[in-house]
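Accompanying notes for the structure given below.
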Amino acid sequence: MAFEADLAKAHAARSAAELVQSGMIVGLGSGSTAGLLVKRLGERVAEEGLEFVGVPTSVSTAELARELNIPLRDVDDVPAVDLNIDGADEVDPEYRMIKGRGGALLREKLVACVASRRVTIVSPEKVVPRLGIDSPVPVEVSRLGYRHIEQRLRTLGARTSLRRGPDGAPFVTDGGNLIIDCGFSPLADPDTLEAGLKSVVGVFETGLFLGLCDVLVVGRPDGAEQIV
Ligand code: ABF
């Protein structure tokens, strides 16, 4: 099963990598599927002389891209992003997504929002009939006041859990913030929920990505399907 999921991710990544053309400014997502994309783009740079500029969405993606000789810029140093390619945790039939299990949601959303075309690459189990049944919504919050912020999130119906790292200490994002994972059963209306979460002072961003998927690439063990 794990092998099949890995193969599906690899096919999704390979298929999306073909969308990158020389001269483009490309948002590079985070997570294992996006990691496979970055590796494939590194191969295209080495084998075909593909020339593009990457805008990384996390420290780990930037490190990987540098190892592969992919030139990078920060999002503030580019006028626009032509294409953004990133993974997701869940995608519903309206191409709304939950992202942020990897903890890079703020930068991922910033880059997705300035991109002309957003491509999501997933393995098939990420495509769900309804968001939030299996995945909590990650919410990136200020360190200062996080206990109060958590309390406010609970009043919105969230079952909250402060994310922790493998050492048991609170997980700290690349931006120096905390993540509170918020479970909702059910997650009724993503747009209303997004507005409610964003109304809490100290919430910087949520893992609800609404209207940010233009192309969905679903990998399978034997290939990939691009859905526009
Ligand atoms: C990023 O990586 C995140 O937004 C999402 O949470 C995660 C998906 O990771 P993977 O591809 O490893 O399943 O895209």
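The values are calculated or read from the model by the stated rules, or taken from the named source; none is laboratory data. What you see is a predicted model; the values in this text were computed from it and never measured. So basically every Cβ, Gly included, is an ideal-geometry build from the backbone, and we count neighbours across all protein chains shown. The accessibility values were calculated without ligands, DNA or RNA, using every heavy atom of the protein model including side chains. Shrake-Rupley method; radii C 1.70, N 1.55, O 1.52, S 1.80 Å.
What's the magnitude of the charge dipole for segment 129-171 around its Cα centre, counting Lys and Arg as +1 and Asp and Glu as -1 at the beta-carbon? Answer in Debye, nearest 20.
I would put it at about 160 debye.
Using a 10 Å cut-off on Cβ atoms, rank the peptides 6-18, 216-228, 63-75, 22-34 from the highest mean neighbour count down.
Listed from highest to lowest mean packing, they are 22-34, 6-18, 216-228, 63-75.
What ranking, highest mean first, results for peptides 103-110, 174-181, 121-128 when packing means the other Cβ atoms within 10 Å averaged over each residue?
So the order, starting with the most tightly packed, is 103-110, 121-128, 174-181.
Given a 1.4 Å probe, how much area per residue of segment 58-214 is accessible, in Å²?
48
Compute the Cα gyration tensor for segment 1-145, then decide on rounded, prolate or oblate, letting a ≥ b ≥ c be the square roots of its eigenvalues: rounded whenever a/c is under 1.5, prolate when a/b is larger than b/c in the other cases, and oblate in all that remain.
Oblate, since a/c reaches 1.5 and b/c is not below a/b.
Show me the helices of the chain, taken as full DSSP H stretches, that run 30 Å or more along their long axis by Cα and average 1.0 or above in Kyte-Doolittle hydropathy.
none
Quick one: dipole size for the chain, taken about the Cα centre, charges +1 on Lys/Arg Cβ and -1 on Asp/Glu Cβ, in debye to the nearest 20.
Using Cβ point charges on Lys, Arg, Asp and Glu, the chain gives about 700 debye.
Going 7 Å from the Cα of LEU72 toward and past its Cβ, which residues in segment 12-40 have a backbone nitrogen under 11 Å from where you end up?
28
Just to be sure I understand: of the beta bridges DSSP finds with both ends in the chain, what percent are antiparallel, rounded to 5?
55
Might you report the magnitude of the Cβ-based charge dipole of segment 65-104 about its Cα centre, with Lys and Arg at +1 and Asp and Glu at -1, to the nearest 20 debye?
120
In whole percent, what relative contact order does the chain give with Cα contacts below 8 Å and a gap of six or more residues?
Computed value for the chain: 25 percent relative contact order.
Spin-label point model (7 Å from Cα, Cβ direction): what's the VAL53 to LEU7 distance in nm?
So the label points at VAL53 and LEU7 sit 4.0 nm apart.
From the phi angles alone, apply the Karplus equation (6.51, -1.76, 1.60; θ = phi - 60°) to segment 211-216 and give each ³J(HN,Hα) in whole Hz, x where the residue is Gly or Pro.
In residue order, the calculated couplings are x, 10, 10, 9, 9, 10 Hz.
Can you return the aspartates and glutamates within cross-link range of LYS39? Criterion is Cα-Cα under 13 Å, with same-chain partners fewer than 8 residues away left out.
GLU18, GLU47, GLU63, GLU67
Which of the listed residues, SER161, ALA34, ILE85, is farthest toward the dipole's positive end in the chain, when Lys, Arg count +1 and Asp, Glu count -1 at the beta-carbon?
Sorting the options by dipole projection puts first SER161.
So for segment 32-124, averaging the separation of alpha carbon pairs under 8 Å that are six or more residues apart and normalising by length, what relative contact order in percent results?
30
Can you tell me which of 84-92, 158-166 comes out highest on packing, and rank the rest after it, using the mean Cβ neighbours within 10 Å?
Ranked by mean Cβ neighbours within 10 Å, highest first: 84-92, 158-166.
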